[in-house]
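Only one structure is covered here, and it is reproduced in the block below.
The values are calculated or read from the model by the stated rules, or taken from the named source; none is laboratory data. Computed from a prediction, not measured in an experiment: that's the story for all the values here. Please note: Cβ atoms are built from the backbone with ideal geometry, for glycine as well, and neighbour counts cover all protein chains shown. Heavy atoms of the whole protein, side chains included, go into the accessibility calculation; ligands, DNA and RNA do not. Shrake-Rupley method; radii C 1.70, N 1.55, O 1.52, S 1.80 Å.
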Amino acid sequence: MGRLAQTDGLTEIQRDILATVRDFVDKEIIPVATELEHKDEYPAAIVEGMKQLGLFGLTIPEEFGGLGESLLTYALVVEEIARGWMSVSGIVNTHFIVAHMINAHGTQEQKEYFLPRMAAGEIRGAFSMSEPGLGSDVSAISTKGVKDGEFYVLNGQKMWLTNGGTSTLVAVLCKTDEGADTPYRNMTTFLIEKTPGFGPNPTVPGLTVPGKIEKMGYKGVDTTELVLQDVRIPANRILGGVPGKGFYQMMDGVEVGRVNVAARGCGVARRAFELGISYAQQRSTFGKKISEHQAIQFKLAEMATKVEAAHQMMVMAARKKDSGERNDLEAGMAKYLASEYCKEVVEDSFRIHGGYGFSKEYEIERLYREAPMLLIGEGTAEIQKMIVGRRLLEEYKLAE
């Protein structure tokens, strides 16, 4: 293991967890990742291995059967997994966001019902906020939930669900008319249990997962739409039991999700650097290894600096959240920096590989298709800069 992306101040337990995950990635993920990715095949054996390691319950409190670890521990685990194959980190990430939302905002009954089975990996979560015409403007949400006695009737179409087919629990944001003076207080999160699979759901009448969306990269994990036609959900499956709080619950989930996306960017960038520096010491041109050419050394230096900077900012954002402080500024910075640097490091590694980087026989080809997703996931770079800019103006506001 090289000296890049080290984290100071970890406990012995955290170091042991990371060592176990790193060993799992090296032995069980990296050797099969490219083959499975090219087949767009769900990594069932890898997921089963993660269940055995307890990774689905990493941050769930011990009282509910989890390991009770911090966001920092989780982010460092995600970094290691993404280093092996980014799609695998996506499988556990949406599950983690839903578990975090239930633990932070759910009723006691919801926590006791869902969290133990989520910790065991028996229930796996998906997160559903986006819609076909929504983009970054959450206030434009059109999926509706209408109260009908002790139930809500849901109608609409959701988009970009990671684990949409394989999940058994979906946290769905809907517009509900609660009479508030702002659209953000007229949204509610519903917890919908379903059977895994595609097509009309046999246990939830009116709910359909049409099929996998074909993507440039980020394969293996299923990304789907979700169609709701007169789906009846009991009122006790509103997250927290009170309608009108959905937007704020989802934003809390997105906030930790941004740290996760930053961690993924760090992992992919680190793997791209490893591949680049290794290939540079094997390939010869003009009578010497290309690693001896100053131009390549400059490129490796820039790549390593970006890997290190992104990692340290991601760690700072995770620790800020763990401290209980507001971290939207740090999470936005970390997500923005890590995703942009990831794209640049991957492209530089691709360039080092020369023509072979364009071949599907080389791992860098897969990373080159995966990196762009990080530029979009959990909010585009423009959204991150808007969040950061607004927070900076709050922090540095001039006295009137």
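Placing a label point 7 Å from the Cα of K215 along the Cα-to-Cβ line, the residues of segment 39-62 whose backbone N sits under 13 Å from it are 40-43. The distance separating the Cα centre of segment 275-293 from that of segment 196-238 comes to 48 Å. Placing R0 at 56 angstrom, the Cβ-Cβ distance between Q157 and S278 gives a FRET efficiency of 0.80 after rounding to 0.05. Say a site is exposed when it is one of the chymotrypsin sites (Phe, Trp or Tyr not before Pro), sits in a DSSP loop, and has at most 15 other Cβ atoms within 10 Å; what is then the longest site-free stretch of the chain? The longest uninterrupted stretch comes out as 1-197.
Annotation for segment 133-172 versus segment 79-101: alpha-carbon center distance of 21 Å.
Listed by chain and number, the lysines placed with their C-alpha closer than 20 angstrom to that of K215 are K39, K158, K343, K360; residues fewer than eight positions away on the same chain are left out. In segment 20-111, the portion of solvent-accessible area held by carbon and sulfur atoms comes to 48 percent [1.4 Å probe, whole percent, DNA, RNA and ligands not counted]. Charge dipole of segment 216-346 (Cα centre as origin; +1 on each Lys and Arg Cβ, -1 on each Asp and Glu Cβ, all else neutral): 280 debye, rounded to the nearest 20.
Hey, could you get me the Stokes-Einstein D for the chain, Kirkwood radius over alpha-carbon pairs, 4 °C and 1.567 mPa s, rounded to whole µm² s⁻¹?
It diffuses with D of about 60 µm²/s by this estimate.
Mean residue ellipticity, 222 nm, helices only, the chain: the sum of -39500 (n - 2.57) across DSSP H runs of n ≥ 4, divided by residue count and rounded to 500, is -16500 deg cm²/dmol. Spin-label pair K385-H38: with each label point 7 Å from Cα along the Cα-Cβ axis, the two points sit 3.8 nm from one another. Legend: calculated FRET efficiency, E193 to M316, from the Cβ-Cβ distance at R0 = 30 Å, rounded to 0.05, equals 0.25.
Between the listed residues G156, G197, Y184, the Cα displaced farthest toward the positive end of the dipole of segment 155-200, a dipole computed from Cβ unit charges relative to the Cα centre, is found at G197. Where the alpha-carbon atoms of segment 1-131 are placed on the principal axes, they occupy 44, 39, 28 Å, in descending order.
Using +1 on the beta carbon of Lys and Arg, -1 on that of Asp and Glu, and nothing else charged, what's the dipole of the chain about the Cα centre, debye to 20? Please list the in-between numbers first.
Details: 45 positive and 54 negative charges, 128 e Å.
Computed about the Cα centre, the dipole is about 620 debye.
Geometric descriptor of segment 162-240, per residue, is 111 Å³ (volume of the convex hull of the Cα atoms). Span-like helix criteria (full DSSP H runs; alpha carbon extent of at least 27 Å along the helix axis; mean Kyte-Doolittle hydropathy of at least -0.5) are satisfied in the chain by 86-105, 246-280, 294-322, 328-353.
Modelled label positions at R369 and F286, each set 7 Å beyond Cα in the direction of Cβ, lie 3.4 nm from each other. Across the options A371, V259, S278, the greatest Cα extent toward the positive end of the charge dipole of the chain (unit charges at beta carbon of Lys, Arg, Asp, Glu) belongs to S278. Once both labels are positioned 7 Å from their Cα atoms along Cα-to-Cβ, the gap between D23 and E112 label points is 3.8 nm. Remark: segment 126-200 carries a charge dipole of roughly 180 debye about the Cα centre, counting +1 on each Lys and Arg Cβ and -1 on each Asp and Glu Cβ. GNM remark for the chain: springs join alpha carbons under 10 Å apart, and the peak mean-square fluctuation among V92, V221, V231 falls on V231. For segment 302-369, a Kirkwood radius taken over Cα pairs fed into Stokes-Einstein (37 °C, viscosity 0.692 mPa s) yields D = 249 µm²/s.
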